[in-house]
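J.: Below is one structure. I have some questions about it.
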Amino acid sequence: MKKVLWMLLLAVFTCAFLAGCSIEEREEPQMEQENYNFYYMNTGETSLKKEIYEPQEETTDFMLKDLMQRLSSKDAPEDGIALLPEAVSVNSYDLQEKRLIVDFNSGYLEMSRAREVLTRAGIVKMFLQIPDIEAVRFTVEGQELTDSRNQAVGDMTEDTFVEFSGKDNDAYRYDTFTLYFTDKSGKKLVPEERRVYYRRTTPKEMVVLAQLAKGPSEEGHYRTISENSLPISAITADRICYINMNRAFQENVLEVAEDVQIYSIVNSIVDSCEADRVQISIEGSLEGNFKNSMPLYFFYEKNEDLS
C-alpha cells in the first residue's frame with residue numbers, strides 16, 4: 001500500500017514539474033528582430049526600394065560610417081539604381097547633437113526635381129534609422145539646400161516624407177476626397193466629394209489620380225481624363241506634388257478643354273493632399289506642352305476661376 005502511495009505522489013510531483021516547465025516555456029517572451037533597411041530606387045526612377053541592412057554593430061558611430069560608405073559607393077541591387085547619380089558625391093557629413101548635416105557637391109543641383117525628391121527621401125529615411133539621429137539637413141557646397149520656391153528645406157524628420165511611410169501593410173483607412181470633374185460643356189470644373197477605402201500605405205496623391213481615372217459618380221458630371229490615364233508616380237515634398245503620368249494621359253481624346261483637364265488634377269490634389277502646387281510630367285519628360293497650350297514644366301496652383 002505504501003509503495004502504491006509513493007508511486008502516486010511521485011507521479012503528482014512529476015506532472016507538476018513538467019507543467020511548470022511548460023508554463024515557463026510559454027511565458028518566455030519572444031524577442032522581435034528589428035530590421036534596418038538600405039534604400040535605393042527602381043530603374044525607372046519613380047519609386048524607392050529597400051533591402052535588409054544588417055550592421056555588424058548597432059551603434060551610432062558604426063552605422064553612420066557604414067551607411068555613408070554604402071551611399072557613396074553607389075552600389076545597388078540588380079533590380080534598381082543607387083540613390084546618388086554618378087555626378088553627385090558627398091563632400092562631408094557632421095553629426096551635431098541629434099541632427100545629421102550632409103554636404104554634397106554641386107552635381108546635386110543638376111538632378112531633376114522628381115529624382116532629387118526620391119533621393120532626398122531615401123537618404124533621410126535611411127539615416128533616421130540610426131540611434132540618436134532625429135533630423136537630417138542637406139547642404140550643397142556649404143550652402144543650405146533650397147526648394148523650388150528658393151526657401152531653405154531645413155531639417156527633415158520622419159514626418160517630412162509622409163507619403164513614403166506606412167508600417168502596417170494590411171491596414172486600410174477611409175478618407176473623404178474632393179475630386180474635380182467637368183460639366184457637360186467641358187469648360188468648367190465641378191467638385192464631387194468621394195469617400196474612399198484604401199490601403200494606408202498608398203499615397204493620397206495616387207488615390208486621387210486613380211479616382212479621377214475611374215470617372216465621376218454624380219449625374220451631370222463628366223470625366224476629365226481617360227480611364228487609361230494612369231500615374232507612374234506621385235511624390236509630394238516642400239508642399240509641391242510631382243506627378244509623372246503615362247503616355248495615355250497626353251494622348252487621350254476627350255471633348256474637354258485642356259486647362260480643365262490639367263486643373264481637374266491640380267485642384268483635386270491641392271484640396272485633398274498636403275500640396276500647394278503641382279507639376280506634371282509625361283513618362284518623366286517635362287519638355288513641351290500638355291496638348292497644345294499647357295506647359296509641362298510649370299508649377300500649377302489651384303484655379304478657382306474654372307469652378
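J.: With a 1.4 Å probe and all protein chains left in place, how much of the accessible area of the stretch 56-163 comes from carbon and sulfur atoms, in whole percent?
T.: Of all accessible area on the stretch 56-163, carbon and sulfur atoms account for 41 percent.
J.: On to the next question. List the residues whose amide H sits under 5 Å from the amide H of Ala135, counting only those 5 or more places along or on another chain, with H placed 1.01 Å from N in the peptide plane.
T.: Counting only residues 5 or more places away or on other chains, the set is Leu100.
J.: Here's another thing I want to ask about it. Given a 1.4 Å probe, how much area per residue of the chain is accessible, in Å²?
T.: For the chain, the solvent-accessible area averages 57 Å² per residue.
J.: Please list, ordered by chain and number, the residues whose modelled amide H lies under 5 Å from the amide H of Leu189; skip anything fewer than 5 residues away on the same chain.
T.: When sequence neighbours closer than 5 places are left aside, the close amide H contacts are Ser307.
J.: List the residues of the stretch 258-282 whose backbone N lies under 19 Å from a point placed 7 Å from the Cα of Ser293 along the Cα-to-Cβ direction.
T.: Once the point is set 7 Å along Cα→Cβ of Ser293, 258-267, 280 turn out to lie under 19 Å by backbone N, inside the stretch 258-282.
J.: Also, I was wondering about something else. Between Glu45, Glu193, Glu134, where does the largest GNM mean-square fluctuation fall for the chain, given springs only between Cα atoms within less than 10 Å?
T.: Glu193
J.: Highest mean first, how do 201-211, 297-307, 103-113 rank when packing is the count of other Cβ atoms within 10 Å averaged over residues?
T.: Top to bottom by mean Cβ count within 10 Å: 201-211, 103-113, 297-307.
J.: For the chain, take the longest principal axis of its alpha carbons; what is the angle in degrees between that and the long axis of helix 113-127, to the nearest 10 within 0 to 90?
T.: 20
J.: Using the alpha-carbon atoms, what tilt in degrees (0 to 90, nearest 10) does helix 60-73 show relative to the longest principal axis of the chain?
T.: Approximately 40 degrees, to the nearest 10.
J.: What do you get for the angle between helix 204-214 and the principal long axis of the chain? Use alpha-carbon atoms, 0 to 90 degrees, nearest ten.
T.: 60
J.: Okay, moving on. Please work out the FRET efficiency for the pair Ser285 and Ser226, using the Cβ-Cβ distance as r and a Förster radius of 25 Å; give the result to the nearest 0.05.
T.: About 0.85, to the nearest 0.05.
J.: Here is a follow-up. Can you compute the equivalent ellipsoid semi-axes for the chain, i.e. the square root of 5 times each eigenvalue of the Cα gyration tensor, sorted largest first and rounded to whole Å?
T.: Result for the chain: semi-axes of 49, 31, 15 Å.
The values are calculated or read from the model by the stated rules, or taken from the named source; none is laboratory data. Being a predicted model, the structure only gives us computed values, none of them experimental. Every residue, glycine among them, receives a Cβ derived from its backbone with ideal geometry; neighbour counts consider all protein chains shown. The accessibility values were calculated without ligands, DNA or RNA, using every heavy atom of the protein model including side chains. Shrake-Rupley method; radii C 1.70, N 1.55, O 1.52, S 1.80 Å.
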